[in-house]
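Peer 1: Can you keep this structure in mind? I'll have questions shortly.
The numbers here are math on the coordinates, done by the rules we state, and not lab data. Quick caveat, the model's predicted, so the values are computed rather than measured. For neighbour counting, all protein chains shown are included, and Cβ atoms are generated from backbone atoms with ideal geometry for every residue, glycine included.
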Amino acid sequence: MREEDPTMIAVLGAAGHVGGTVADLLLEQNEETRVLEHVRPLRHLAARGAQVVRGDARDSDALRALFDGAEAALVLLPEDVADPRFEDTRSRIARMIAQALSEQAVRYVVALSSAGVGREGIAGPPAGLLEYEQHLFELSDANVLVLRSAFYMDYLLLNLPLIESQKVNGSAIAADLAFPMIATRDVARQAAERLRRRDFTGRQVTPLLGPEDVSMREATRAIGERLGMPDLPYVEFPPENVEEALQAAGMTGEVARLMVKMQLALNAGAFYDGIERTPGTTMPTRLSDFLATALPERSPA
């Protein structure tokens with residue numbers, strides 16, 4: 001292991017929405033940044049000065065190389081929805097990340113997680129994040145900050161093919177259930193700032209919420225207005241239909257079942273009960289602001 005570089009920050013998941021934005025923000029602040037490149041090239045980050053390590057989060061050698069000499073690191077679990085062993089793979093990666101962080105003696109760790117982790121009734125992908133958090137909290141020499149984010153607004157865009165082809169939006173989530181949503185760019189800003197400041201000690205958990213609760217019917221109306229479809233309807237689909245649609249979109253049967261379970265758990269109120277907005281947990285981007293950036297506005301057909 002190299003001697004620790006007090007300026008080096010390692011970023012796992014730099015090809016994704018949050019990790020990529022974190023790397024961008026760190027480079028803007030002239031922070032020494034190292035990223036892990038797998039399938040998607042990260043030449044744009046390398047051109048701006050990032051160190052690039054080739055490898056996969058499933059490879060312990062690549063993880064050790066990513067964290068080697070770094071004082072701080074952003075970590076997350078990949079969401080490979082085409083993985084036929086989704087839960088087993090994430091469990092294995094969680095152990096490997098913790099082991100590599102321990103071996104390389106990374107002092108500050110910011111971990112991305114989900115609201116509701118550890119609560120009774122939580123199902124779907126967030127349920128597997130509890131094991132990941134526990135492995136990180138067992139790191140004896142690291143300060144660990146877990147950011148438990150609300151539902152990503154960005155996930156709403158995954159239904160654009162359905163909206164464009166069928167002129168309808170839908171899922172198993174109850175139409176009028178209002179719940180917190182958050183823009184991934186707000187999560188990234190918070191993560192990058194805490195990595196830069198390194199002002200946390202011990203084990204800390206911070207929920208991150210958007211500034212408002214939004215229902216799927218309201219979100220659908222807002223999306224429709226951006227797309228020139230002001231009367232775009234939202235339909236509560238039967239869970240089995242949602243599962244079939246997700247598999248048709250490329251998810252494995254395991255992942256599709258987990259996603260439906262997550263939507264049903266959201267309906268049951270399992271995710272956000274008892275989580276309150278405070279100045280430290282409330283991020284600024286409203287859904288209308290997110291959509292204004294994410295979706296070009298079209299005239300009604």
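Peer 1: Relative contact order of the range 151-219: what whole-number percent is it, with Cα pairs under 8 angstrom and at least 6 residues apart?
Peer 2: In percent, rounded to a whole number, it is 44.
Peer 1: Please state, as a whole number in µm²/s, the translational diffusion coefficient that the Stokes-Einstein equation yields for the range 38-117 at 37 °C and 0.692 mPa s, with Rh defined as the Kirkwood radius across alpha carbon pairs.
Peer 2: D = 238 µm²/s.
Peer 1: Taking the Cβ of N159 as the center, what net charge do the other residues with Cβ under 14 Å away carry, scoring Lys and Arg +1 and Asp and Glu -1?
Peer 2: Neighbour charge sum, excluding N159 itself: +1.
Peer 1: Given labels modelled 7 Å from the Cα in the Cβ direction, how far is it in nm from Q51 to D80?
Peer 2: 2.5
Peer 1: Another question, if that's okay. With runs of 4+ DSSP H residues as the only contributors, calculate the mean residue ellipticity of the chain at 222 nm using -39,500 (n - 2.57) per run, divided by the residue total and rounded to the nearest 500.
Peer 2: The helix-only estimate for the chain comes to -11500 deg cm²/dmol at 222 nm.
Peer 1: Could you give the semi-axes, largest first, of the ellipsoid that matches the range 1-138, computed as the square roots of 5 times the alpha carbon gyration tensor eigenvalues and rounded to whole Å?
Peer 2: 25, 16, 14
Peer 1: Once you keep just the Cα pairs under 8 angstrom separated by 6 or more residues, what percentage relative contact order results for the chain?
Peer 2: Relative contact order of the chain: 19 percent.
Peer 1: For the pair R43 and R95, what calculated FRET efficiency results from E = 1/(1 + (r/R0)^6), where r is the Cβ-Cβ distance and R0 = 30 Å, to the nearest 0.05?
Peer 2: Working from the Cβ atoms, E equals 0.45.
Peer 1: How are the Cα pair distances of the range 108-208 distributed, in percent, across 5 Å bins from 0?
Peer 2: Per 5 Å bin, starting at zero, the Cα-Cα P(r) for the range 108-208 comes out as 2, 11, 18, 20, 18, 13, 8, 6, 3, 1, 0 percent.
Peer 1: When each pair of different Cα atoms in the range 170-245 is counted once in the 1/r mean, what is the Kirkwood radius in angstroms, to one decimal?
Peer 2: 15.2
Peer 1: What whole-number volume per residue, in cubic angstrom, does the convex hull of the C-alpha atoms of the range 1-64 give?
Peer 2: 79
Peer 1: If packing is taken as the mean number of other Cβ atoms within 10 Å per residue, what is the order of 251-258, 36-43, 9-16, highest first?
Peer 2: 9-16, 251-258, 36-43
Peer 1: Based on the mean of other beta carbon atoms within 10 Å per residue, what is the order of 232-245, 64-77, 186-199, most packed first?
Peer 2: Packing proxy ranking, top to bottom: 64-77, 186-199, 232-245.
Peer 1: Let me ask you something else. What residues qualify as long-range amide H neighbours of S149, i.e. H under 5 Å apart, gap of 5 or more or another chain, H built at 1.01 Å from N?
Peer 2: Sorted by chain and number, the residues that satisfy this are S113, S114, A115, L208.
Peer 1: Calculate, in nm to one decimal, what E276 and Q247 gain on full extension: separation in residues at 0.36 nm each, minus their alpha carbon distance.
Peer 2: Gain in length upon complete extension: 7.0 nm.
Peer 1: Next question, about the same structure. If you take the C-alpha gyration tensor of the range 71-142, multiply each eigenvalue by 5 and take the square root, what semi-axes do you get, largest first, in whole Å?
Peer 2: Equivalent-ellipsoid dimensions as semi-axes: 22, 14, 10 Å.
Peer 1: Please compute the length gained on full extension between L158 and Q134, using 0.36 nm multiplied by the number of residues separating them and subtracting their Cα-Cα distance.
Peer 2: Roughly 5.6 nm would be gained on extension.
Peer 1: Okay, next question. Take the range 212-251, compute every pairwise Cα distance, and split them into 10 Å bins from 0; I just need the percent in each bin.
Peer 2: P(r) over the range 212-251, rounded to whole percents: 28, 34, 38, 1.
Peer 1: Counting other beta carbons within 10 Å of each Cβ, put T293, T282 in order, fewest first.
Peer 2: Lowest count first: T293, T282.
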